[in-house]
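Below you'll find the structure, written out as structure tokens, and then a few comments.
The values are calculated or read from the model by the stated rules, or taken from the named source; none is laboratory data. As the structure is a prediction and not an experimental result, all values here were calculated from the model. Note that each Cβ is placed from the backbone with ideal geometry, even for glycine, and that neighbours are counted across all protein chains shown. Calculation scope for accessible area: heavy atoms of the full protein, side chains included, ligands and nucleic acids excluded. Shrake-Rupley method; radii C 1.70, N 1.55, O 1.52, S 1.80 Å.
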Amino acid sequence: MTATTAANRTAPSGHPQRWLILGVICLAQLTVLLDNTVLSVAIPSLTRELHASTADIQWMINAYSLVQSGLLLTAGNAADRYGRKRMLVAGLAVFGIGSLAAGLAGTSAQLIAARAGMGIGGALLMTTTLAVVVQIFDDTERVKAIALWSTVSSLGFAAGPLVGGAMLDHFWWGAIFLINIPVAAIGLFAVVALVPESRNPQGDRPDLLGALLSTIGMTAVVYAIISGPEHGWSSAEVRGAAITGSLVLGGFVLWELRIPYPMLDMHFFRDRRFVGAVAGAVLVAFGMTGSLFLLTQHLQFVLGYGPLDAGLRTAPLALTVVALNLTGVGARLVAKLGTPAVIATGMTLVSAGLAAIAVLGSHGYGGMLAGLVVMGAGVALSMPAMANAIMSAIPPEKAGVGAGINGTLAEFGNGLGVAVLGAVLNSRFAALVPAAAGAVSLPAALAGAGSAGERSRIEEAFASGLETSQLVGAAAVLAGGLLAAALLRRAERRAAPQAPSGPGRGSDGPQGPPAPGTESDVPGPSAPLRGPGAPQAPADVTKPSA
């Protein structure tokens, strides 16, 4: 009896095909994340062939991010209630159809609309992939599985320019979207065959008004940031958008506080671990996406590299992330140093990498290479730790909602990074070269130059704007890292005296979070949901795949 009990304690209790399923999930995740960054390397092609302005380019990127951000929480709720496998299949199908529409777009407006449609599929995929990981892995393997999931996320983020550059060297720009179709089809068949269905049969109902309010509010705020350099920060259009966005987001918060089934339970923000991970996730995405948006333009417009060469020169970031995560460096450091210290170290490295790119990479690739490697090391340490911190603060039966929160933060940071750092670049560029301030893009400004000397001044001004933007991103990431670490450290110290010594306590320790369907004793967000007299969530229903 004792031997049997010991064996049961040491044997993995996750799904028997969990590692194969993780591979399928990572394939679906890779499709979405490649699309987040593959567009950046096509910016010169879109500028020439679709006559896209800088604002058009920013909206091509932000349309996808903002729609996805606004729908992630609702998609997470739907996955928890109606089935995570079902929503994963739906997401792959919608994403494939949207990719076809984007590849065949003939105008900037059509491409922006297609990208928004792809954001719907991306929202379903981003929430269900992480939610399924939480469901099929037990607490002894979940941290490792999330680290591998994060590795694929980072790989997709950084490998997008490489894949896009290779495609653009042989095909027209639409091929960067059409390549998604066969990948989505393979993922669709694999999900149907392998992934088990799981759901919370009495989960929260979808909060459609909350999704609408969050999407409108974030869109208005980012529109104000994008339009500021063009129309002036004090213009009625920019102020109106900023005020509208702030009011709508305020209404979103009030709505979420008053309804019984909110899309985003504001009580989650009582948990300092959650708040610290939230701050870090937004600012890492802010710095990385905004930096990559600017870096690919610098490599092509200023240093003169082609699309494939530019993509290859961003690859060290992805390679560093993959190498460190596959060797398990981050997981070992979390066990040794704790989550706050690892997040602080990682985000400091990301900030240092951004600063190195700004200062050392102004006129050549050598400084950029050093910065990319340092950034990659920081991402490999900070992103898995932050994802695990967020998911550990959410009750397991709300895994879809937790994944939605994690994805919302990343996508909002992505859109905000492109908007804010792009706005800083445009403002600096216009201040240095007033004569080119009316140009809608760098190629347009260069085309209007009357002499070689004027072209040189325009290129120098653009490079100076890039440097300023990178330094702004570095400062934001560093501040986010210090804030996240401080909040997480305070939360750990506050929770330590209250933590019971029995099994089942702690998400970072060997016991892990409670099993699906059980009461969560995580302080903060769980408490108001699990108080005396509150309805208890039913156990997750997990069915083997057909």
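A few remarks follow.
- Considering Ala123, Ala175, Ala116, the condition of being more than 30 Å from Ala211 (Cβ to Cβ) and at pLDDT 80 or above is satisfied by Ala175 alone.
- Test: residue in the stretch 326-334 that is more than 22 Å from Gly481 (Cα to Cα), in a helix (DSSP H, G or I) and at pLDDT 75 or above: yes
- Taken across the stretch 407-424, residues that are modelled with pLDDT under 75, in contact with a Lys or Arg (Cβ under 9 Å, 6 or more places away or on another chain), part of a helix (DSSP H, G or I) and of a type in the set (Ser, Thr, Tyr) do not occur at all.
- Given (1) within 17 Å of the chain's Cα centre (by Cα); (2) under 20 Å from Ala491 (Cβ atoms), index of the condition Ala341 fails: (1)
- Every residue from the stretch 352-378 that is part of a helix (DSSP H, G or I), out of contact with any Gly (no Cβ under 7 Å at 6 or more places or on another chain) and either open to solvent by less than 20 Å² (accessible area, probe 1.4 Å) or of a type in the set (S, T, N, Q) (or both): Ala358, Gly376
- For the stretch 313-337, filtering for residues that are more than 12 Å from Leu381 (Cα to Cα) and open to solvent by less than 30 Å² (accessible area, probe 1.4 Å) leaves 5.
- Flag if Gly76 is farther than 21 Å from Ala190 by Cβ, in contact with a helix residue (DSSP H, G or I) (Cβ under 7 Å, 6 or more places away or on another chain) and open to solvent by less than 10 Å² (accessible area, probe 1.4 Å): yes
- Selection status of Ala105, closer than 26 Å to Met60 by Cβ, in contact with a helix residue (DSSP H, G or I) (Cβ under 8 Å, 6 or more places away or on another chain) and outside any helix (DSSP H, G or I): yes
- All conditions in (1) modelled with pLDDT of 80 or more; (2) open to solvent by less than 50 Å² (accessible area, probe 1.4 Å) hold for Ala310, with the sole exception of (1).
- If you go through the stretch 470-484 and keep only what is touching a Gly at 6+ places or on another chain (Cβ under 8 Å) and either open to solvent by 10 Å² or more (accessible area, probe 1.4 Å) or at pLDDT below 85 (or both), you end up with Gly473, Ala476, Val477, Gly480, Gly481, Leu483, Ala484.
- Counted residues, the stretch 46-56 - those being in a helix (DSSP H, G or I), open to solvent by 10 Å² or more (accessible area, probe 1.4 Å) and at pLDDT 75 or above: 4
- Those residues of the stretch 242-300 which are over 30 Å from Val374 (Cα atoms), open to solvent by less than 10 Å² (accessible area, probe 1.4 Å) and in a helix (DSSP H, G or I), in sequence order: Gly245, Glu256, Phe268
- In the stretch 20-45, the residue that is surrounded by the fewest Cβ atoms within 10 Å (Cβ to Cβ) out of those that are in contact with a Ser or Thr (Cβ under 7 Å, 6 or more places away or on another chain) and more than 15 Å from Trp149 (Cβ to Cβ) is Ser40.
- Taking first residues from the stretch 255-273 that are touching a residue at least 24 places away in the same chain (Cβ under 8 Å) and partners that are among the charged types (D, E, K, R) and outside any loop (DSSP other than H, G, I, E, B), the Cβ contacts under 6 Å between residues at least 6 apart in sequence or on separate chains come to Pro262/Glu256; Leu264/Glu256; Arg272/Arg490.
- Ala102 being surrounded by 20 or more Cβ atoms within 10 Å (Cβ to Cβ), under 28 Å from Met263 (Cα atoms), touching a residue at least 40 places away in the same chain (Cβ under 8 Å) and aliphatic (A, V, I, L, M): no
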